[in-house]
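In what follows, a single structure is set out as structure tokens and then discussed.
The values are calculated or read from the model by the stated rules, or taken from the named source; none is laboratory data. In this text, all values refer to a predicted model and were calculated from it rather than measured experimentally. Heads up, the Cβs are rebuilt from the backbone with ideal geometry, glycines too, and the neighbour counts pull from every protein chain shown. Just so you know, the surface numbers come from the protein's heavy atoms only, side chains and all, with ligands and any DNA or RNA stripped out. Shrake-Rupley method; radii C 1.70, N 1.55, O 1.52, S 1.80 Å.
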Amino acid sequence: MAGTSDVLPIPQRLQAIRGQWELLRAGFDEDALARRVAELEDAMGAPGFWDDQQSAAQVSAEHSRATRRLERWRGLRSDVEDLDALAEMAEEDESVASEVAGQMTAVEGRLADLEEERLFSGRYDAGDALVTVNAGAGGTDAQDWAEMVLRMLMRWAERRGFSVEVLEASPGEEAGIKSATFRASGENAYGLFSAEKGVHRLVRLSPFDAAHRRQTSFAGVEVAPVVDDIGDVEIDDDDLQIDTYRASGAGGQHVNKTDSAVRITHRPTGIVVQCQNERSQSANKDTAMKMLRAKILEREEAKRREEIAAEKGDAQDVNFGSQIRSYVLHPYTMVKDHRTSFEVGDAQRVLDGDLDGFVRAELLRTAGHE
């Protein structure tokens with residue numbers, strides 16, 4: 001909103017802000033959120049609250065999220081109410097008009113952030129995300145493309161203020177990666193990254209082809225919620241095949257001299273996870289088990305979404321294998337999302353991590369199905 005409305009006169013901008021604020025206020029129950037914060041505070045103050053560390057951590061995390069949301073909402077409400085007086089001042093004194101316009105831009109940005117938050121209604125949307133990138137068809141070009149997608153997603157995560165930790169990376173034979181998994185930690189990480197799962201298609205002149213011919217490559221992105229509550233997913237030890245191997249790549253002498261990396265195969269589903277970034281085999285196994293629980297849970301969630309879509313008669317494609325976006329670098333440059341038709345001509349900007357427009361368009365599209 002801020003990108004286009006800042007050229008409008010202040011009265012028109014104020015009217016647009018009021019309209020957007022009223023829409024948000026109609027769908028937001030401030031009193032209910034305040035009551036929830038109070039309930040969580042009472043729970044945290046009860047005797048023996050910290051006896052169950054896992055439960056206490058979940059309650060504490062929810063309290064922090066709810067408190068931040070309530071404070072943001074109340075702060076924004078106050079600033080929106082102040083804009084009326086500021087707009088009057090700008091009409092009477094042109095010297096303060098630029099300052100008022102700047103405050104309006106800030107309010108518009110915060111309104112957009114709150115509007116985005118409304119799109120996260122899933123059980124795990126608010127939590128962290130496990131993001132896996134796999135090279136698809138296309139040989140060395142695909143492995144190089146997979147590394148480009150990994151870099152793009154990690155840069156976007158950092159732009160959003162998330163912390164990023166690479167858990168596993170399997171290098172390609174000549175260039176790029178065969179696969180890699182990272183954890184993005186921050187508010188609504190899973191909800192946001194869910195918009196990126198699917199197949200990403202690249203069209204370019206191949207840097208690995210002596211004849212420099214045009215090549216089409218594919219990379220798949222899987223996204224799963226980080227699950228701290230083990231009870232959410234039941235896993236039978238007899239269903240697991242656990243292998244250890246020597247980690248490759250950076251990590252110092254320790255990584256190269258011990259079989260500390262762990263690969264776990266879940267036989268019933270065929271899901272394979274691996275971790276090699278921890279300092280010990282047991283730590284890698286613990287992390288790999290968390291990754292496995294997350295991927296099993298995501299598979300169950302995908303089935304649930306398919307069932308809901310079928311009941312509604314929606315032809316909504318929620319499969320990992322769906323091609324979601326094309327990145328064309330030759331003979332012209334453009335990135336286009338096939339789900340929303342959102343497109344950007346500056347492909348390099350997108351590859352450098354500017355994904356907000358694509359993600360927002362997809363979140364709005366999927367919200368329309370619910």
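Computed values, structure above
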quantity	calculated
Highest to lowest packing among 92-103, 124-135, 335-346, scored as the average C-beta count within 10 Å	124-135, 335-346, 92-103
Solvent-accessible area per residue for the chain (1.4 angstrom probe, square angstrom)	51
Integer Hz, Karplus 6.51/-1.76/1.60 couplings in order for the range 198-204, x for Gly and Pro	x, 9, 9, 10, 10, 10, 7
Helix axis angle, 356-367 relative to the chain longest principal axis, alpha carbon, degrees	90
Relative contact order of the chain, pairs being alpha-carbon contacts under 8 Å that are 6 or more residues apart, as %	14
Spread of Cα-to-Cα distances over 20 Å intervals beginning at zero, given as percent, for the chain	24, 52, 23, 2
Between helix 281-312 and the chain: long-axis angle, C-alpha atoms, 0 to 90°, nearest 10	60
C-alpha center-to-center spacing [the range 117-192, the range 206-221] in angstrom	21
Between 0 and 90°, nearest 10: helix 97-117 axis offset from the chain longest Cα axis	50
For the range 184-229: span of alpha carbons on each principal axis (Å, largest first)	53, 15, 15
Ranked order, I17, I242 - accessible area, probe 1.4 Å, largest first	I242, I17
Local electrostatic count at S341 - Lys and Arg +1, Asp and Glu -1, tallied over other residues with Cβ under 14 Å	+2
Per principal axis, descending, Cα span of the range 2-95 in whole Å	60, 22, 21
Accessible surface of the chain, 1.4 Å probe, proportion on carbon and sulfur as whole %	47
Set K178/K295; K295/K336; K178/K303; K197/K336; K197/K290 screened for pairs whose C-alpha atoms are more than 23 Å apart	K295/K336; K178/K303
Peptides ranked, highest mean first, by Cβ atoms within 10 Å: ranges 66-79, 181-194	181-194, 66-79
Protection proxy ranking, peptides 113-123, 162-172, average beta carbon neighbours within 10 Å, highest first	162-172, 113-123
